[in-house]
Amino acid sequence: MIDLSQLSPMMQHYMETKKEYPDCVLFYRLGDFYEMFFDDALTVSKELEITLTGKDCGLSERAPMCGVPFHALDSYLYRLVQKGYKVAIAEQMEDPRQAKGLVKREVIRVVTPGTITSSQVLDETKNNYLMGIVYMDGIYGISTADISTGDFMVTEVDSDRELFDEINKFSPSEIICNNAFYMSGVDMDELKNRYQVVISALDSRFFGEESCRRILMEHFKVGALVGLGLEDYATGIIAAGAVMQYIYETQKSTLEHITTITPYSTGQYMVIDTSTRRNLELVETMREKQKRGTLLWVLDKTKTAMGVPPGARAPPRLHQTAADSQRRNHQAPERGGRAEHELYLPGRDMRVLKSHL
């Protein structure tokens, strides 16, 4: 146990900040470096293979310390987050040359596998999804968001098979869930190993029905959730509200680019299950686990809008296609709404009609 009263003022502030984010590695800005101390320094030094040093902190022994240059933050951050860690970034909030006494520092964001936004480390041809799963009364509420694009979706399923199909379809980098999901009977180890996804159960405060409804109405500036088409998704609303609250607390921003939420029902589409997707090699080959040689790889070579020009970001993702299909399905017959005949696949704005199969 560290005696805080013996620490220097700067280290006292570091420990106070660390106490607010106990489940995160704290990157603490000091000049041109982000420094880590004590247990965080030991962890980062081991995981990133960087030199461990020490710093005088007021105790009889020097505090373990390591650091990364501020201009190379993204690369180190990405490597650490890819290993499943959450990172809180404490930035200097004033010019050290003009500060009187201790420089003011605050945590400006928390980076997790599903909330990375840097274009320098993300694959521009793929979404980076955060998925929220809530299990209540035999129903799985599922909400999926990509904060780098503003996409936000919600649905519900009532079986483990459908749940795994949704996870396989979106391949999220991170899953947040309620404690009931851990006790639902789903094999968590299999889930983590099969999809290489980080899963964490959040505190119960994230899943209050009223708070989830309130945050969605406040964010989308509506008086009732019926205006968002969510009236038939009681469990999905809680999943979506938890995801929104989680993003607010980690990003510490207004999230103005998330302007819509898209409810969808898997029953409206012909679903390709996990085994079929794998055997057809739609987005990944069976042996090499690579994109080259798949249907998606071929489509990217086309000269039309279906393809991806060199250096360009991929076209709108499939869930946008699903949302468009749902809207068209409510149009008059002469407008040709055909959502119930379409299947969709994340990763490309692609439709396959049942009449073509």
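No lab work stands behind these numbers, since they all come straight from the coordinates. If you're wondering where the values come from, they're calculated on a predicted model, not measured in any experiment. So basically every Cβ, Gly included, is an ideal-geometry build from the backbone, and we count neighbours across all protein chains shown.
Coupling constants for the stretch 46-51 follow from the phi torsions by the Karplus curve (6.51 cos²θ - 1.76 cosθ + 1.60, θ = phi - 60°), and in residue order they are 6, 6, 9, 6, 10, 5 Hz; glycine and proline get x. Partners of residue 169 within straight-line reach, counting lysines whose Cα lies under 27 Å from its Cα and excluding those fewer than 8 residues away in the same chain: 83, 86, 126, 192, 289, 291, 301, 303, 354. Among the GluC sites (Glu not before Pro) found in the stretch 92-148, those both in a DSSP coil and sparsely packed, with 12 or fewer other Cβ atoms within 10 Å of their Cβ, are 94, 124.
In this Cβ point-charge picture (+1 for Lys and Arg, -1 for Asp and Glu), the stretch 143-296 has a dipole of about 500 debye about its Cα centre. For the stretch 42-89, the list of GluC sites (Glu not before Pro) that fall in a loop by DSSP and count at most 11 other C-beta atoms within 10 angstrom reads 49, 61.
Taking Cα centroids, how far is the stretch 101-140 from the stretch 26-79 in Å? Spelled out, the Cα-based centre of one part sits 22 Å from the other.
Listing 204, 173 from the residue with the fewest other Cβ atoms within 10 Å to the one with the most, what is the order?
Working: 204 10, 173 24.
The most exposed by this proxy come first: 204, 173.
Please arrange 244, 183 by how many other C-beta atoms lie within 10 Å of their C-beta, fewest to most. Intermediate values should be presented prior to the final figure.
On the way: 244 24, 183 10.
The fewest-first ordering by Cβ neighbours comes to 183, 244.
Fewest to most neighbouring Cβ within 10 Å: what's the order for 76, 21? Walk me through the numbers before you get to the answer.
Numbers: 76 19, 21 15.
In order of increasing Cβ crowding within 10 Å: 21, 76.
Can you give the charge dipole size of the stretch 73-220 about its Cα centre, rounded to the nearest 20 debye, using +1 on the beta carbon of Lys and Arg and -1 on the beta carbon of Asp and Glu? List each step's numbers first, then the result.
Numbers: 16 positive and 24 negative charges, 171 e Å.
About 820 debye.
Compute the signed sum of charges (Lys and Arg +1, Asp and Glu -1) over the other residues within less than 13 Å, Cβ to Cβ, of residue 92. Surrounding charge for residue 92 is -2. Summing +1 for each Lys or Arg and -1 for each Asp or Glu among the other residues whose beta-carbon sits under 13 angstrom from that of residue 188 gives -2.
The modelled label-to-label distance for the pair residue 218/residue 190, using points 7 Å beyond Cα in the direction of Cβ, is 4.0 nm. Here the stretch 72-149 is treated with +1 on each Lys and Arg Cβ and -1 on each Asp and Glu Cβ, and its dipole about the Cα centre works out to around 360 debye. Across the stretch 264-281, computed HN-Hα scalar couplings (Karplus, 6.51 cos²θ - 1.76 cosθ + 1.60, θ = phi - 60°) run 8, 10, 5, x, 7, 10, 7, 8, 8, 6, 4, 5, 5, 4, 5, 5, 7, 6 Hz from first to last residue, x flagging Gly and Pro.
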